[in-house]
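*Asks:* Quick one: the structure is below, questions incoming.
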Amino acid sequence: MAILLLPFIFLLSSSYATDISIYHNQKECQSSSCNPFEALLKLAGNDPARVAYLSSLVAKSSVPIASGQQQTQTANYILRAKLGTPGQVMLMALDTSRDIAWVPCSGCSGCPSTTLFSPTYSSTYATLSCSSPPCTFNQSYGTGSFSAIYSQDSLRLALDIIPNYTFGCVNAVTGAETLPKQGLLGLGRGPMSLLSQTGSMYQGVFSYCLPSFKSYYFSGSLKLGPVGQPRSIRTTPLLHNPHRPSLYYVNLTGISVGKIQVVVPEGSLSFDPVTGAGTIVDSGTVITRFVKPVYEALRDEFRRQVGAENYSSLGAFDTCFNDAGGPSVPVVTLHFEGLNLALPAENTLIHSSAMPLACLAMAAAPDNVNAVVNVIANLQQQNMRVLFDVAGSRVGLARELCN
């Protein structure tokens, strides 16, 4: 009798031995006229359905991303999410340095948007009660702040529905100018973030591609889960800071302008979990900021190579120049452990729409608690696939056009 290898059933012997006999469960190939090769081909025809089933066991979603500047007149990048049952569409900012999600709710005092989430219209909404009344929390964002009620409801991202998702239902806002108008989805590493609340669903993996901040369309994407992530992307180790556990720290080892390696003070790029010093990748900050001595060294070398007649300041930018003559602009390369990231011109310069003026789109870190942190911000991440693999302790960066 011909015996094939797939599939199998188990037959236990009548004795108490631990050996298990394995036989092929294929009745069609028990006669002498059976062709094992043809039988195997027939069985293999079922493989695609089996593979599709196995793939379905791992969540995979691709959520469209757009520039908030064009859609909601804010500096954040936004995605479409549905909250509640039935789902209410909210254009939520994605922020890798925040954990808990929040949305403006009906009855909110001072909220900057007329698009509010209405808990009374959702059959699955509930508040979290520490006691009575329900739990509330306060949080600052930019120059504003808000108070919110801890709540739970169904969150839908593309085709995935996440039941009982914990978020803040915002009821009061002060300084609304810098707050995302329709809420925020926290993609940090803390206990209330999307990755933590979904657990094995996304297996600690996501990536995004941010379109140009000038693009109007939802052409970017947030890919959730390990399925569909780029396989050949270059990565750098993801570092952990126990004092700032939500942030995605990486090891920035140097910076080049053109072919010149910028000389920076010793230790100015080093990771230090005690002081919080080091470099993070962040989707919520607009322009990349380096600690002051690093930025000044980068700026001075950039100015030297551009060779403009004079430089002026404009807002946060201190290296603006007349680009009517098309001066040669050097490539800025960020050197991480394990990979080098050469920034394209659109990720290095920002141009004025009113005059022939270009500015280096980077600045020194603010003189506050973040003065020791280098931040690789969203303008420098435009049209790139940025992979965050918390389970694998790595961050990937690669060029990808998603305008």
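*Asks:* Counting C-alpha atoms alone, how compact is the range 238-387: give Rg to one decimal and Dmax as a whole number, in angstrom.
*Replies:* Rg, Dmax (Cα atoms, Å): 15.2, 49.
*Asks:* For the range 231-319, taking Cα atoms only, what is the radius of gyration to one decimal and the Dmax to the nearest whole Å?
*Replies:* 15.3, 47
*Asks:* If you take the beta carbon distance between THR174 and ALA391 as r and set R0 to 45 Å, what does 1/(1 + (r/R0)^6) give as a FRET efficiency, to the nearest 0.05?
*Replies:* 0.70
*Asks:* Then there's this: FRET efficiency for ASN340 and SER140, Cβ-Cβ distance as r, R0 = 35 Å, nearest 0.05?
*Replies:* Taking R0 as 35 Å, the efficiency between ASN340 and SER140 is 0.45.
*Asks:* Then there's this: Taking 7 Å along the Cα-to-C-beta vector as the label spot, tell me the GLN152-ASN368 distance in nanometres, rounded to one decimal.
*Replies:* 3.4 nm
*Asks:* Within the range 162-197, which residues have the backbone N less than 15 Å from the label spot 7 Å out from SER109 along Cα→beta-carbon, could you tell me?
*Replies:* It comes to 170-176, nothing else.
*Asks:* Would you kindly find the accessible area of ASP95, with a 1.4 Å probe and non-protein molecules such as ligands, DNA and RNA excluded, rounding to the nearest 10 Å²?
*Replies:* 10 Å²
*Asks:* Heavy atoms only, probe 1.4 angstrom, no DNA, RNA or ligands counted: give me PHE388, PHE213 ranked by accessible area, highest first.
*Replies:* From most accessible down to least: PHE213, PHE388.
*Asks:* Of LYS181/LYS223; LYS223/LYS259; LYS82/LYS214; LYS82/LYS292, which sit over 32 Å apart, Cα to Cα?
*Replies:* From the list (LYS181/LYS223; LYS223/LYS259; LYS82/LYS214; LYS82/LYS292), the Cα-Cα distance tops 32 Å for LYS223/LYS259; LYS82/LYS292.
*Asks:* Within the range 274-307, name every residue whose backbone N is under 14 Å away from a label modeled 7 Å from Cα of HIS243 along the Cβ vector.
*Replies:* Taking a point 7 Å out along Cα→Cβ of HIS243, the residues of the range 274-307 whose backbone N falls under 14 Å are 274-279.
*Asks:* Here is a further query. Quick one: which residues, 5 or more positions from GLY183 or on another chain, have an amide H under 5 Å from its amide H? H modelled 1.01 Å from N in the peptide plane, none for Pro or chain starts.
*Replies:* Amide H to amide H, under 5 Å and 5 or more residues apart or across chains, GLY183 pairs with ALA93.
*Asks:* So if each residue of separation counts as 0.36 nm, and I subtract the Cα-Cα distance between SER268 and GLN73, what length gain in nm does that give?
*Replies:* Extra length from SER268 to GLN73 when fully extended: 66.7 nm.
*Asks:* Rounded to the nearest 0.05, what FRET efficiency is calculated for CYS130 and ASN164 with R0 set to 22 Å and r the Cβ-Cβ distance?
*Replies:* Calculated value: 0.85.
*Asks:* Still on this structure: Let me check something: with ligands and nucleic acids excluded, how do LYS259, LYS181 order by accessible area (1.4 Å probe), largest to smallest?
*Replies:* Listed by decreasing accessible area, they come as LYS259, LYS181.
*Asks:* Just to confirm a number: summing +1 for Lys and Arg and -1 for Asp and Glu over residues other than VAL281 whose beta-carbon lies under 15 angstrom from that of VAL281, what do you get?
*Replies:* +3
*Asks:* Could you please put SER196, SER221 in sequence from largest to smallest accessible area, using a 1.4 Å probe?
*Replies:* The ordering from most to least exposed comes out as SER196, SER221.
*Asks:* Give, as a single signed number, the net charge of other residues whose beta carbon lies under 15 Å from the beta carbon of ALA308, with Lys and Arg counted +1 and Asp and Glu -1.
*Replies:* Cβ neighbours under 15 Å give a net charge of -2.
*Asks:* Hey, another quick one. If you count only protein heavy atoms and use a 1.4 Å probe, how large is the accessible surface of GLU346, to the nearest 10 Å²?
*Replies:* It works out to around 60 Å².
*Asks:* Separate question: Under 14 Å from the Cβ of ARG394, count the other residues' Cβ atoms, weight Lys and Arg +1, Asp and Glu -1, and hand me the total.
*Replies:* Its environment carries a net charge of +2.
*Asks:* To continue, here is another question. Express in whole angstrom the spacing between the alpha-carbon centres of the range 309-342 and the range 117-177.
*Replies:* If we compute the Cα centre of each part, the gap is 41 Å.
*Asks:* Separate question: Any idea of ARG394's accessible area? Nearest 10 Å², probe 1.4 Å.
*Replies:* 80 Å²
The values are calculated or read from the model by the stated rules, or taken from the named source; none is laboratory data. Model, not experiment: these values are computed from the prediction. Ideal geometry is used to build each Cβ from the backbone, glycine not excepted, and the neighbour counts take in all protein chains shown. Quick note on the areas: whole protein, heavy atoms, side chains included, nothing else; ligands and nucleic acids left out. Shrake-Rupley method; radii C 1.70, N 1.55, O 1.52, S 1.80 Å.
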